[in-house]
Amino acid sequence: MLLLLLCFSKRSLIFKTMAISYSHTESNIMALMDFDDDYGDLPWIRFRPTHVEIVEHYLYNKVYGKPLSADVLIECDLYEEFWKKHFENTDETSLYFFTKLKRVGNGSRIQRNTTYGTWKTNNEKPIYRDQAKKDQIGSVRSLTLVTKKGSKSVGRWVMHEFKLKGRLYNKKYEDYVICRIERLKQQEDNNLNEDTQNIEQFVKSFEQQKDG
């Protein structure tokens, strides 16, 4: 049991790191093995879809009201609501959001300003369904958050924005997107150090109870 807990806590693996309550009772240890509803019967597997899957299955089905295979999309206005709060109760370093873009006036320019800074856009890249790159179904654009001067530190973030394009494009839904927001490595390293300290504390307490 102890060996399994330590293995699942390694962030270098693809396993989903479990939240650990270090009160060292048998019931709390067993609670670590509870299934996570967001990930079905395999709580240690992270949600890592391909670009094609994000567009063809999740975004397409979402805008057309079709069922999704997993409840993994967070619906919110990313330009009004602070996304960071959704990371507070999870060890995930990236989350997926479903949002609608806003345009400036009646023009084609997208509103990218938020209370905490501006999302700076980079080049948009097409997403193809086939290896021949003839069947375009979507696009992805990367963005980085440029925080406002003098504002409190909100962390370092990058976003990938997925749209329907090509044969899946519909003008009615062109402003609906899925955004994958990621915490950059500095924050991830801090969390890893904290997890390592907690694991060491858990092992020490476990051995003390065993000797006692």
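The figures follow:
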quantity: Cα centroid separation, the range 46-112 to the range 158-186 (Å); calculated: 7
quantity: Karplus-derived 3J(HN,Hα), 6.51/-1.76/1.60, for each residue of the range 80-97, Hz, glycine and proline x; calculated: 10, 9, 7, 5, 4, 5, 6, 8, 5, 10, 9, 8, 5, 9, 9, 10, 10, 10
quantity: Relative contact order (%) - criterion: Cα under 8 Å, at least six apart; region: the range 56-157; calculated: 18
quantity: Separation in nanometres of the label points that stand 7 Å from Cα toward Cβ, at LEU68 and ASP175; calculated: 2.1
quantity: Label-point separation in nm, VAL104 to ARG46, each point 7 Å along Cα→Cβ; calculated: 3.5
quantity: Links that overshoot a 27 Å alpha carbon limit, given the list LYS102/LYS149; LYS66/LYS100; LYS84/LYS171; LYS84/LYS148; calculated: LYS84/LYS171
quantity: Only Lys, Arg (+1) and Asp, Glu (-1) charged, at Cβ; the range 81-126 dipole about Cα centre in debye; calculated: 420
quantity: Accessible surface of ILE74 - all protein chains present, 1.4 Å probe, nearest 10 Å²; calculated: 40
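The values are calculated or read from the model by the stated rules, or taken from the named source; none is laboratory data. Model, not experiment: these values are computed from the prediction. As a convention, Cβ positions derive from the backbone with ideal geometry for all residues, glycine included, and neighbour counts pool all protein chains shown. These area figures cover heavy atoms from the full protein model, side chains too; ligands, DNA and RNA do not enter into them. Shrake-Rupley method; radii C 1.70, N 1.55, O 1.52, S 1.80 Å.
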